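Asker: The structure that follows is given in the form of structure tokens.
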Amino acid sequence: MALERTFSIIKPDAVAKNVIGAIYNRFESAGLRIVASKMLHMSKEQAEGFYAEHKERPFFGALVDFMTSGPVMVQVLEGENAVIKNREIMGATNPAEAAAGTLRADYAVSIDENAVHGSDAPESAAREIAYFFSDEEICPRTR
Ligand code: IDP
């Protein structure tokens, strides 16, 4: 299996809880490598563009407000089956349904404030990575 990349966000609620390192540890313990990373405070336009596919959903306004409420960490994770592996580490969208030991079970309080984002397919991963990172900002594993 070739190495795959996925895009991840540690959302404002988890950054506020001071669990960036704990979450990075979960990625690394599962064999995923952080090959790009930065902290930023999204603008309204940036958050609206990122979540454009949800524009017609009733929760869109609340989602944009939340994602712009504080800083986030954005990162590119690389590894075998990175997309699916990260989704497994994250757990279900609604923390009430997230399996024990997943990030959302451990760190999220509600479906609105659910700690992390992760791409749902290789195609969306490529789009989302390019939304936040230039090629020069990504440092693939060298050995
Ligand atoms: P995902 O983050 O697990 O991929 P999506 O369905 O792509 O889930 O939804 C994107 C984000 O929108 C979720 O992480 C969550 O923050 C928010 N969201 C999704 N469904 C609801 C809902 O029914 N109410 C409130 N917020 C929601």
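Asker: For Glu53, what charge total do you get from the other residues with a beta carbon under 15 Å from its beta carbon, if Lys and Arg give +1 and Asp and Glu give -1?
Answerer: Values: positive: Lys55, Arg57, Arg127; negative: Glu48, Glu56, Asp120, Glu123, Glu128.
That sum, taken over residues with Cβ under 15 Å, equals -2.
Asker: Also: Apply the Karplus parameterisation 6.51 cos²θ - 1.76 cosθ + 1.60, with θ equal to phi minus 60°, to every residue of region 115-121 and state each ³J(HN,Hα) to the nearest whole Hz, in sequence, with x for glycine and proline.
Answerer: 6, 9, 10, x, 4, 9, 6
Asker: Within 10 Å of each residue's Cβ, count the other Cβ atoms and sort Arg26, Arg33, Arg104, Arg127 from fewest upward. Let's see the in-between values first.
Answerer: Details: Arg26 19, Arg33 16, Arg104 23, Arg127 13.
So the residues, fewest neighbours to most, are Arg127, Arg33, Arg26, Arg104.
Asker: Enumerate the amide H contacts of Val116 below 5 Å, restricted to partners 5 or more residues apart or on another chain; note that Pro and chain-start residues carry no placed amide H.
Answerer: Counting only residues 5 or more places away or on other chains, the set is Lys11.
Asker: Ratio of alpha-carbon Rg to the 2.2 N^0.38 Å globular estimate for region 1-84, to two decimals, please.
Answerer: On the way: Rg = 14.0 Å, N = 84, 2.2 N^0.38 = 11.8 Å.
Normalised Cα radius of gyration, region 1-84: 1.18.
Asker: Under 5 Å between amide hydrogens, which residues at least 5 positions from Leu3 or on another chain qualify, with H placed 1.01 Å from N in the peptide plane?
Answerer: none
Asker: Pop a pseudo-label 7 angstrom from the Cα along the beta-carbon direction at both Cys139 and His41 and give the gap in nm to one decimal.
Answerer: 2.6 nm
Asker: From the phi angles alone, apply the Karplus equation (6.51, -1.76, 1.60; θ = phi - 60°) to region 32-37 and give each ³J(HN,Hα) in whole Hz, x where the residue is Gly or Pro.
Answerer: For region 32-37, the Karplus curve yields 8, 10, 7, 10, 7, 6 Hz.
Asker: For Asp106, Asp120, which order do you get if you count the other beta carbons within 10 Å of each Cβ and list the fewest first?
Answerer: Fewest to most other Cβ atoms nearby, the residues stand as Asp120, Asp106.
Asker: Using a cut-off of 23 Å between alpha-carbon atoms, which lysines can reach Lys55, once sequence neighbours fewer than 8 places away in the same chain are excluded?
Answerer: Lys11, Lys44
Asker: Have a look at the chain and give its Rg and Dmax from the Cα atoms, expressed in angstrom.
Answerer: 14.2, 46
Asker: Turning to a different aspect of this structure: Would you tally the net charge around Ala99, using a Cβ to Cβ cut-off of less than 12 Å, leaving Ala99 out, and scoring K and R as +1, D and E as -1? Walk me through the numbers on the way to the answer.
Answerer: Working: positive: Arg87, Arg104; negative: Glu88, Glu97, Asp106.
Overall, the nearby charge balance is -1.
Asker: Follow-up question, since we're still on this one. How much mean residue ellipticity at 222 nm does the chain get from its helices, if each DSSP H run of length 4 or more adds -39500 (n - 2.57) and you divide by all residues, to the nearest 500 deg cm²/dmol?
Answerer: Here the helix-only value at 222 nm equals -10000 deg cm²/dmol.
Asker: For Ala121 and Asn18, what does the FRET efficiency come to when R0 = 35 Å and r is the distance between their Cβ atoms, rounded to the nearest 0.05? Mind dumping the intermediate values first?
Answerer: Working: r = 31 Å, r/R0 = 0.88.
Step by step, r from the Cβ atoms, then E = 0.70.
Asker: From the backbone phi of region 84-98, what are the Karplus-calculated ³J(HN,Hα) couplings (6.51 cos²θ - 1.76 cosθ + 1.60, θ = phi - 60°) in whole Hz, Gly and Pro given as x?
Answerer: Running phi through 6.51 cos²θ - 1.76 cosθ + 1.60 with θ = phi - 60° gives 5, 4, 5, 4, 5, 5, 5, x, 4, 3, 8, x, 5, 9, 6 Hz.
Asker: Return the distance in nm (one decimal) between the two label points of a simple spin-label model at Ile34 and Asp112, each offset 7 Å from Cα along Cα→Cβ.
Answerer: Using points 7 Å along Cα→Cβ, the separation is 2.9 nm.
Asker: Tell me, Lys55, Lys11 in order of fewest to most beta-carbon neighbours within 10 Å?
Answerer: On the way: Lys55 10, Lys11 21.
Arranged by neighbour count, lowest to highest, Lys55, Lys11 become Lys55, Lys11.
Asker: Count charges around Pro122 for me, please; just the other residues with Cβ under 13 Å from its Cβ, Lys/Arg as +1, Asp/Glu as -1. Intermediate results must be reported in sequence, preceding the final value.
Answerer: Details: positive: Arg5, Lys85, Arg87, Arg127; negative: Glu4, Glu78, Glu80, Asp120, Glu123, Glu128.
Combined, the nearby Lys, Arg, Asp and Glu give -2.
FYI, it's all coordinate maths here, none of it is from the lab. All values derive from a computational prediction rather than experimental measurement. Note that each Cβ is placed from the backbone with ideal geometry, even for glycine, and that neighbours are counted across all protein chains shown.
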